[in-house]
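The values are calculated or read from the model by the stated rules, or taken from the named source; none is laboratory data. Note that the coordinates shown come from a computational prediction; the quantities given were computed from them, not determined experimentally. Quick reminder, even Gly has a Cβ in these numbers, built from the backbone with ideal geometry, and neighbours come from all protein chains shown.
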Amino acid sequence: MNSGRNASCWQLFKDVNILPIRSQYIYLVPLFVTKNKDQFLSNSQVHKINTRQTFDLYIFTANLTIYNKGVCYTGIKIYNHLPTAIKDLSDDKYKFKVALKRYLLQNFFYILEEYFNILIFYRI
């Protein structure tokens, strides 16, 4: 574990299985969403059109910045962006937590834009 003062933490975090701060946020917010899933609407409850996003959570539109930066709005966006294999496990909290943590340890995210722009297929 010896590294220089100016060495990047990225490889050290991977070696010790520590999530960076932003990845911890990405880990905790979907746990909040799945715990309170009854408080959110799915796209199938809002409209009856059968699309690929039918089982995603519905994002309410608002022009208020405070709402757009809040946990509910960001949580829905993060949850909807999870791979389908992980979202399918949301009913079993333990398996969901394990799969989500494994996914985040495989893909380190230092900023939310990295998370939203990544296109990775996840295998359980």
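Descriptive notes on the structure:
- Among residues of segment 11-20 being surrounded by 11 or more Cβ atoms within 10 Å (Cβ to Cβ) and not in a loop (DSSP other than H, G, I, E, B), the one that is modelled with the lowest pLDDT is Gln11.
- Selection within segment 70-95: residues that are hydrophobic (A, V, I, L, M, F, W, C), in a helix (DSSP H, G or I) and more than 14 Å from Asn36 (Cα to Cα). The member of this set that is farthest from the chain's Cα centre (by Cα) is Ala85.
- Residue in segment 21-34 that is surrounded by 13 or more Cβ atoms within 10 Å (Cβ to Cβ) and part of a loop (DSSP other than H, G, I, E, B) present: no
- Taking segment 67-118 as the range and being in contact with a Pro (Cβ under 9 Å, 6 or more places away or on another chain) and more than 11 Å from Pro30 (Cβ to Cβ) as the test, the residues that pass are Phe108, Phe109, Tyr110.
- Some residue of segment 46-55 being touching a Lys or Arg at 6+ places or on another chain (Cβ under 6 Å) and either surrounded by 14 or more Cβ atoms within 10 Å (Cβ to Cβ) or not β-branched (Val, Ile, Thr) (or both): no
- Considering segment 72-118, the residues that are β-branched (Val, Ile, Thr) and either touching a Ser or Thr at 6+ places or on another chain (Cβ under 6 Å) or surrounded by fewer than 14 Cβ atoms within 10 Å (Cβ to Cβ) (or both) include one that is modelled with the highest pLDDT, namely Thr84.
- Listed by first and then second residue, the pairs with beta-carbon distance under 6 Å, at least 6 apart or on different chains, first residue in segment 40-53 and within 12 Å of Asn80 (Cβ to Cβ), second at pLDDT below 70, are Asn43/Gln53; Asn43/Thr54.
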